[in-house]
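Asker: Supplied in structure tokens, the structure appears directly below.
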Amino acid sequence: MNGQLSAYANLRNLTLLVSLVMFGWLVYYFYTGSGGPRYLATHIVPIALAVHILFRYQEGPLYERLPTIVNHLAVAVYLGICAYAFYYFYQNYEQIAIWRQGSYTRHDFIVGLLVFLLVMELSRLAHRILFWVNVVLIIYTIWGYLSPIDFFWHPGTTFYRVVTSSTMELATGVYGLYAQLALTLIAAFLLLAATAAGFDAQNALVNVMRRLAGKSRHTIPQTAVLASVSVGMVSGSGAANTAVTGSFTIPLMKRYGVPPVFAGAVETSASMGGLIMPPLMGVAGFLMAEFLGVPYWDVVVRGFAVAFVYFCSLILAVYLLSVRLLPNDPIVSPTVPLYHYVKTTIFFSAILFLVLLMGQFGFGALRAALWTTMFMFVLLLVAFLYFKHVLKAEELERETLLGNLRRVVETHAEMTSYIVLLMATLGIMIGLFTVTGFILRMGAMLLQLGEWHLIATIIAAWIFGWLAGAGLPPTATYIIVAIIIVPPLRQLGVDPWVAHFFAFLLAIWGELSPPTSLTAAVASRIANASFMKTMWEALKICLPITFMSFAIFVREDMVVNPGWAQIHDTALVAIGTCGVTFATFGRFVSGRPLDSAMRVGLALLAFVVIFHPDDTLAVFAALLLLPLIVFGVFRHIKVASRPAEREAELAAIS
């Protein structure tokens, strides 16, 4: 009896138990909305932190340099803090949320301090840069009056205020808006990703995309694009998208002669596009809806236009590079089991179902995500049972229903707990920005620049976002840019949609910006290629993000007015970015001077299409540019596919 008990009493099963509690509580909330998001956050944040600790401890010791017993004690203490914080808020929620706001007891402060220190330590382990930013902000918040620079001076505050504003006030900090979003809208949409992962739909998607890529070496890299856009629909992380799809697509590309650097760069670029792709939009889309006070569907409609432009240019860039680097030898298409086709069909049917619920029938995002998850789950369950027990499919011999269900729960819990920790850390950061008044001073400086010229403000905002994105994940970058930069832009007359999509695209670009890029790091590691070369090639392939960041200020209907006006501006920007893409990667003729001159001329025409404020002139330029791009592609196939050209390109990229 004791032996049987010890077999089940282990870390993995404890993690599953806590995950089940969080999963069940969240699903119940998605259906009922009971208590509201603030009540939910105060109860589930400690559970989510506990889940994160348990999953992290499964991977190895929290502190590798310390003895095992110390790690055990640390985990026990951290879990104890989570349990006590849950109990304390469960017992005192109404008192803290209503009656004691601004006048907290010593017990309140102690509980808040424990939670604050726990989040800081977990962020040090998981988000080291965010941790050090918060440390600097804490020092600045307390001793800002010592600053010798007037711009950064403020009267300072106490450590007590730092702790209470980050925990007990509930408007910002650990339990604030960002943690509430993580546990409501974001967690609801992560159900889709978890359900797909539970039945291994991502693997099926990649295999089907490999089949669809065709029988030419030139189309093999497009497998990464198709797979990443598919998985990216329900993935909130470029690095996670790369890890899932890149583990299949990068070895596949290398097997057919794709250079490692190019393989890593293609996967990086495709995965970054996954962050733009609705319905998840790298988590930032949910934040945008909250900032603007609009239904999430309004963000999704505009997000599809941005994603369309990006992937049009990406597909063209990858094809042009493939022609330059690979021979056009025929290859044998892989055999894909029928079960994989069925799972892929179910996945895309669920996405269509979600779009219909939100766009056609007016369902709220939470309820739409829940019903779509149920739709996908039931179809995947029926397909699993039929193929396993009726058709006796070989690929399902080792899979069990309970194993798949467990994977659904654990995947959702792991992703949600990670996002909750990130949002809690960002909540502390934004709370400290607010306490010090830094946001107001930065906004005033940008407004002063705007009095000189709006373009100066946009460039300053872009530089600020680049610096923030160089060390922070896209979600963090978007929040900081949206809070600090968007309000001044709106005061200067920029449409709110344009300002927020500028922040969004800047945050996505920041994931690729030197000197750091987690997505490029993951891809280069899988490809066994140089990180810097991979990141540089990905930056060139991802030029559409850079140009779209500024194009929306001119072609604002692309993100402001869904409908024919949006289609018109989206088409112009897509044609323009494709023109720039061809000017960057294409070849008209063999002679370098003449070819360079022709491509420069094409790029100038593309910039007219993208940026010229005269709509009539832009349309006329687009009508000239589009046939030139088509003609250029045919010329590129003839010129760049020559063996001498290919050897030179391979030598340059190696």
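The values are calculated or read from the model by the stated rules, or taken from the named source; none is laboratory data. The shown structure was predicted, so the numbers you read here are calculated from the model rather than taken from an experiment. Heads up, the Cβs are rebuilt from the backbone with ideal geometry, glycines too, and the neighbour counts pull from every protein chain shown.
Asker: Return the residues of the stretch 326-361 that are more than 30 Å from the chain's Cα centre (by Cα) and assigned to a helix (DSSP H, G or I); say none if nothing qualifies.
Answerer: L338
Asker: Then there's this: Would you kindly identify the helices (runs of 4 or more DSSP H) lying entirely within the stretch 463-551 that contain at least 2 residues that are charged (D, E, K, R) and in contact (Cβ under 8 Å) with a residue 60 or more places away in the chain?
Answerer: Fully inside the stretch 463-551 and qualifying: 531-541.
Asker: Is it true that A618 is within 22 Å of E556 (Cβ to Cβ), modelled with pLDDT of 90 or more and either in the same structural domain as V554 (by TED's automatic domain parsing) or touching a His at 6+ places or on another chain (Cβ under 7 Å) (or both)?
Answerer: Yes, satisfied.
Asker: Please verify whether the stretch 393-404 includes one or more residues that are out of contact with any strand residue (DSSP E or B) (no Cβ under 7 Å at 6 or more places or on another chain), touching a residue at least 60 places away in the same chain (Cβ under 8 Å) and in a helix (DSSP H, G or I).
Answerer: Yes, because at least one residue in the stretch 393-404 is out of contact with any strand residue (DSSP E or B) (no Cβ under 7 Å at 6 or more places or on another chain), touching a residue at least 60 places away in the same chain (Cβ under 8 Å) and in a helix (DSSP H, G or I).
Asker: Out of V206, V231, which single residue is at pLDDT below 85, within 17 Å of T373 (Cβ to Cβ) and not in a loop (DSSP other than H, G, I, E, B)?
Answerer: Exactly one residue qualifies, and that residue is V231.
Asker: Hey, another quick one. Pairs please, first residue from the stretch 89-103 and within 16 Å of G35 (Cβ to Cβ), second anywhere and acidic (D, E), Cβ atoms under 8 Å, 6+ apart in sequence or on different chains.
Answerer: Close Cβ pairs satisfying both conditions: N92/D108; I96/D108.
Asker: A follow-up question, please. Please specify each residue of the stretch 51-77 satisfying the condition of being free of Cβ contacts under 8 Å to residues at least 60 places away in the same chain and surrounded by 22 or more Cβ atoms within 10 Å (Cβ to Cβ).
Answerer: Filtering the stretch 51-77 for residues free of Cβ contacts under 8 Å to residues at least 60 places away in the same chain gives 54, 57-61, 63-77.
Within the stretch 51-77, L54 is the sole residue that qualifies.
Asker: Quick one: which of V408, V420 is of a type in the set (V, I, T) and farther than 22 Å from P37 by Cβ?
Answerer: V408
Asker: Looking only at the stretch 147-164, filter to residues that are in a helix (DSSP H, G or I) and at pLDDT below 90; which one of those is surrounded by the most Cβ atoms within 10 Å (Cβ to Cβ)?
Answerer: Only one residue fits best here, namely F152.
Asker: Separate question: Quick test of your reading of the structure: Y93 fulfils all but one of (1) under 30 Å from the mean Cα position of the chain (by Cα); (2) surrounded by 13 or more Cβ atoms within 10 Å (Cβ to Cβ). Name the failing condition by number.
Answerer: Unmet condition: (1).
Asker: Same structure, new question: I need a count of the residues in the stretch 380-406 that are surrounded by 12 or more Cβ atoms within 10 Å (Cβ to Cβ), among the basic types (K, R) and closer than 16 Å to A204 by Cβ.
Answerer: Of the residues in that region, 1 qualify.
Asker: Same structure, new question: Write out, first by first residue and then by second, each pair whose Cβ atoms fall under 6 Å of each other, whose residues are 6+ apart or on separate chains, and whose first residue, in the stretch 175-190, is in a helix (DSSP H, G or I) while the second is aromatic (F, W, Y).
Answerer: L181/F286; L185/F286; I186/F286; A188/F30
Asker: Now for a separate question. Going residue by residue through the stretch 110-129, is there one that turns out to be more than 21 Å from N10 (Cα to Cα), of a type in the set (S, T, Y) and not in a helix (DSSP H, G or I)?
Answerer: No.
Asker: Moving on to the next point. Tell me whether the stretch 135-143 contains one or more residues that are exposed (fewer than 14 other Cβ atoms within 10 Å of the Cβ) and more than 32 Å from the chain's Cα centre (by Cα).
Answerer: First pass over the stretch 135-143, keeping only residues exposed (fewer than 14 other Cβ atoms within 10 Å of the Cβ): 135-136, 139, 143.
Right, trim to more than 32 Å from the chain's Cα centre (by Cα) and you get 143.
Yes, because at least one residue in the stretch 135-143 is exposed (fewer than 14 other Cβ atoms within 10 Å of the Cβ) and more than 32 Å from the chain's Cα centre (by Cα).
Asker: OK, next. Where residues in the stretch 287-338 are of a type in the set (S, T, N, Q) and under 30 Å from K392 (Cβ atoms), which of them is surrounded by the most Cβ atoms within 10 Å (Cβ to Cβ)?
Answerer: Here is the first cut: in the stretch 287-338, the residues of a type in the set (S, T, N, Q) are 313, 322, 328, 333, 335.
Restricting the remaining residues to those that are under 30 Å from K392 (Cβ atoms) gives 333, 335.
Working: S333: 12, T335: 7.
This residue is S333.
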